[in-house]
1. Does ALA297 satisfy the criteria of being in contact with a Pro (Cβ under 9 Å, 6 or more places away or on another chain) and among the hydrophobic types (A, V, I, L, M, F, W, C)?
2. So how many residues does the range 20-48 have that are within 14 Å of the ligand (Cβ to nearest atom) and over 18 Å from LEU64 (Cβ atoms)?
3. Could you check, for the range 260-270, whether at least one of its residues is of a type in the set (D, E, K, R), over 20 Å from the mean Cα position of the chain (by Cα) and at pLDDT 95 or above?
4. Can you spot a residue in the range 105-116 that is more than 10 Å from the ligand (Cβ to nearest atom) and more than 27 Å from VAL216 (Cβ to Cβ)?
5. Does the range 258-272 include one or more residues that are of a type outside the set (A, V, I, L, M) and in a helix (DSSP H, G or I)?
6. Restricting to the range 184-212, give me the number of residues that are within 15 Å of the ligand (Cβ to nearest atom) and buried (at least 19 other Cβ atoms within 10 Å of the Cβ).
7. Quick one: is VAL119 modelled with pLDDT of 95 or more, farther than 27 Å from SER59 by Cα, within 11 Å of the ligand (Cβ to nearest atom) and not hydroxyl-bearing (Ser, Thr, Tyr)?
8. Could you grab me the full set of residues in the range 43-97 that are more than 19 Å from PHE158 (Cα to Cα), of a type in the set (Ser, Thr, Tyr) and in contact (Cβ under 8 Å) with a residue 12 or more places away in the chain?
Amino acid sequence: MKAIVTGGAGFIGSHLVDELLLKGTEVYVIDNLNSGISSNLNPGAKFYNIDICSPQAKSLIKELRPDAVFHLAAQADVGRSIRNPSEDAKINIDGTINLLEGCVEASVRKFIFSSTSAVYGNIQQDIITEKEPTNPSSFYGLSKLVAENYIKLFSELFGLPFTILRYANVYGPRQQPKGDGGVVSVFLERLKINEPIQIHGDGEQTRDFIFVKDVVSANIAALNNADGMTLQISTGKSISINYLLESLTTIHKQPILREMVPSRTGDIKHSCLSNELAKKHLNWHPLIPLKEGLHHAYIQSI
Ligand code: NAD
């Protein structure tokens with residue numbers, strides 16, 4: 001099998017490339033190293049340092065005619081999307097359309113898109129299902145939602161098979177302390193430089209943390225499953241920031257300095273995604289418990 005991974009020099013994309021290569025896939029990476037780093041690149045994959053918005057990216061898809069395209073390349077930083085909405089839209093919307101055009105011309109058999117819980121915006125719900133209305137509260141969430149809709153219309157109009165995966169907060173080795181959902185890497189960075197960890201508000205806000213390798217296995221499961229579906233990739237478990245810090249303290253084996261600071265305006269109090277649909281249609285489930293995943297991330301960061 002032949003696959004293109006866009007964003008293969010990034011956090012999640014590089015883990016996906018590693019796993020695809022282990023499975024014997026011929027892998028091609030498209031990445032312009034905007035936020036990705038060359039040391040993440042697996043030498044077993046052929047790397048193209050190009051922009052997903054460029055004519056070269058589209059031509060490459062046509063030339064390679066891969067079986068699948070995993071589209072992870074993105075502007076994935078919420079704050080940056082607010083500061084620079086047009087850059088965000090260019091990469092996340094125009095870039096996706098450019099790839100979709102290439103995929104249709106190359107008769108790609110599956111387009112697998114990395115989306116986000118940010119498409120829901122600030123909803124007060126204990127557990128979110130895919131049926132929840134989307135109402136993004138950042139340009140990042142909006143550009144991802146628009147990209148999702150382009151994918152669906154490309155499929156309707158030109159028959160391109162797709163699966164959209166909306167991730168919860170992904171964590172693990174190689175994550176940079178920024179971007180979509182990077183609180184674990186932010187905490188690990190503070191530990192590394194021996195600075196107190198900042199807790200916004202009372203620390204009782206909760207998130208659904210999923211280990212990167214579980215996200216990778218969901219992508220691979222989508223190759224032959226869940227055509228035309230939008231699925232949430234998560235653990236379905238609410239973890240408070242206080243609990244996260246306690247777990248890190250156990251791993252660190254010494255007290256961790258913390259600094260309580262006011263909550264940030266617009267911060268979502270609770271975010272937990274149901275994974276029932278993904279488990280059913282991908283024949284997949286998350287395998288790595290929080291403490292084990294944190295341990296892997298900790299070892300790599302220190
Ligand atoms: P990342 O920033 O580590 O990876 C993104 C990659 O895309 C980088 O290697 C970057 O260099 C590349 N890229 C950016 N703009 C590009 C362009 N114009 N042309 C070519 N390459 C470009 O981010 P990540 O955390 O690995 O996220 C991967 C995907 O998963 C993104 O689509 C993101 O929106 C989505 N996602 C991530 C999380 C999370 O918790 N990390 C949560 C939800 C969704």
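1. yes
2. Just the residues of the range 20-48 that are within 14 Å of the ligand (Cβ to nearest atom), to begin with: 28-42, 45, 47-48.
Filter again for over 18 Å from LEU64 (Cβ atoms), leaving 33-40.
Residues meeting the conditions: 8.
3. If we filter the range 260-270 for residues that are of a type in the set (D, E, K, R), which is where we start, we get 264, 267, 269.
Cutting the leftovers down to over 20 Å from the mean Cα position of the chain (by Cα) gives us 264, 269.
Subset that is at pLDDT 95 or above: none.
No, the range 260-270 contains no residue that is of a type in the set (D, E, K, R), over 20 Å from the mean Cα position of the chain (by Cα) and at pLDDT 95 or above.
4. Yes, the conditions are met somewhere in the range 105-116.
5. Keep residues of the range 258-272 that are of a type outside the set (A, V, I, L, M), which gives 258-259, 262-267, 269-272.
Narrowing further to those that are in a helix (DSSP H, G or I): none.
Within the range 258-272, none of the residues are of a type outside the set (A, V, I, L, M) and in a helix (DSSP H, G or I).
6. Just the residues of the range 184-212 that are within 15 Å of the ligand (Cβ to nearest atom), to begin with: 184-189, 207-212.
Filter once more, so that each one left must be buried (at least 19 other Cβ atoms within 10 Å of the Cβ): 184-185, 187-188, 207-212.
Residues in the range 184-212 being within 15 Å of the ligand (Cβ to nearest atom) and buried (at least 19 other Cβ atoms within 10 Å of the Cβ): 10 in total.
7. Working: modelled with pLDDT of 95 or more: yes; farther than 27 Å from SER59 by Cα: yes; within 11 Å of the ligand (Cβ to nearest atom): yes; not hydroxyl-bearing (Ser, Thr, Tyr): yes.
Spelling it out, VAL119 is indeed modelled with pLDDT of 95 or more, farther than 27 Å from SER59 by Cα, within 11 Å of the ligand (Cβ to nearest atom) and not hydroxyl-bearing (Ser, Thr, Tyr).
8. TYR48, SER54, SER81
The values are calculated or read from the model by the stated rules, or taken from the named source; none is laboratory data. Keep in mind that what you see is a predicted model, and the values were worked out from it rather than measured. Cβ sites come from the backbone with ideal geometry, for glycine too, and all protein chains shown count toward neighbours.
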